[in-house]
Amino acid sequence: MTGLLKATKKNKPTNPKLTQDDIVYGHIFDAILEQRLPPGTKLSEEALGEIFGVSRTIIRRALLRLSVEQVVSTRPNRGSIVASPTVEEAMQILKAREVMELAIVELAAENATPEQIAKCRAMVAEENEAIAQNDTGRSIRLSGEFHIELAAMANNLPLMSFQRSLVSQCSLIIALYESSKKTNCSCDEHTQLLDVIEAGDKEAAISLMKTHLDHINSKLNLHDDSGSKDLHAVFSNVLKKKA
């Protein structure tokens, strides 16, 4: 258990209600959100077992949870890898997230508590700090956690479960397809969202979320196929020199 305890102490205090599965799952989930585990990374059960000081059975259970959320792909007889969404899959995920986020902010405007608003404002402040320190991984994770916390405000457990999966899948999409190196979310827009949610203005919350998601999606290169399998196209510069 030594490895597991060390890994846990680096982040949050140990929660006695968390199982070993929960702790391993949480660390891998955060690593994906922070893009420390890029798409296509092989997730060796043996290596993860050594890192966290737990059995491969526990690692398998954590990876199974992540595969259900579609952020890990499990391949028969070949192990697990961090998912790598295709362009078509990415577009479907983004559309699903749009539908989900609009429903979430509408419900959040109805159900958010002052304590939840205060918690989110603290998260935005921490996100601003991470951006100022050029800590891209941390700022991306905090941005994702902000959107998960919005789902908690909606007071709807199924929505929150779906949101966790969609936010982590979107982190993979950003890692694969983002054309801008800037953070994927605007803290100013997060603050504006909190303001209208706190005011209970559902229409404004929906409108702001649409704009917010448009800004995120505008930084993704999902239409320009910059790569090519045509050798003549890849080495066109060489062919021009020969001409």
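The values are calculated or read from the model by the stated rules, or taken from the named source; none is laboratory data. All values reported here derive from a predicted model rather than from experimental measurement. The area values use the complete protein model at the heavy-atom level, side chains included, leaving out ligands, DNA and RNA. Shrake-Rupley method; radii C 1.70, N 1.55, O 1.52, S 1.80 Å.
Tabulated values for the structure
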item	result
Under-5 Å amide H pairs with E178, H placed in peptide plane, nonlocal only	N221
D (Stokes-Einstein, µm²/s), Kirkwood Cα radius, segment 87-219, 1.306 mPa s at 10 °C	108 µm²/s
Rounded accessible area of K119 (nearest 10 Å², 1.4 Å probe)	110 Å²
Cut-off under 5 Å, modelled amide H: who pairs with V72 long-range	S67, A83
Global geometry of segment 20-82, whether rounded, prolate or oblate, following the gyration tensor of its Cα atoms and the 1.5 cut on a/c	rounded
Tensor-based shape of segment 92-154 (alpha-carbon gyration tensor, a/c under 1.5 rounded, otherwise prolate or oblate)	oblate
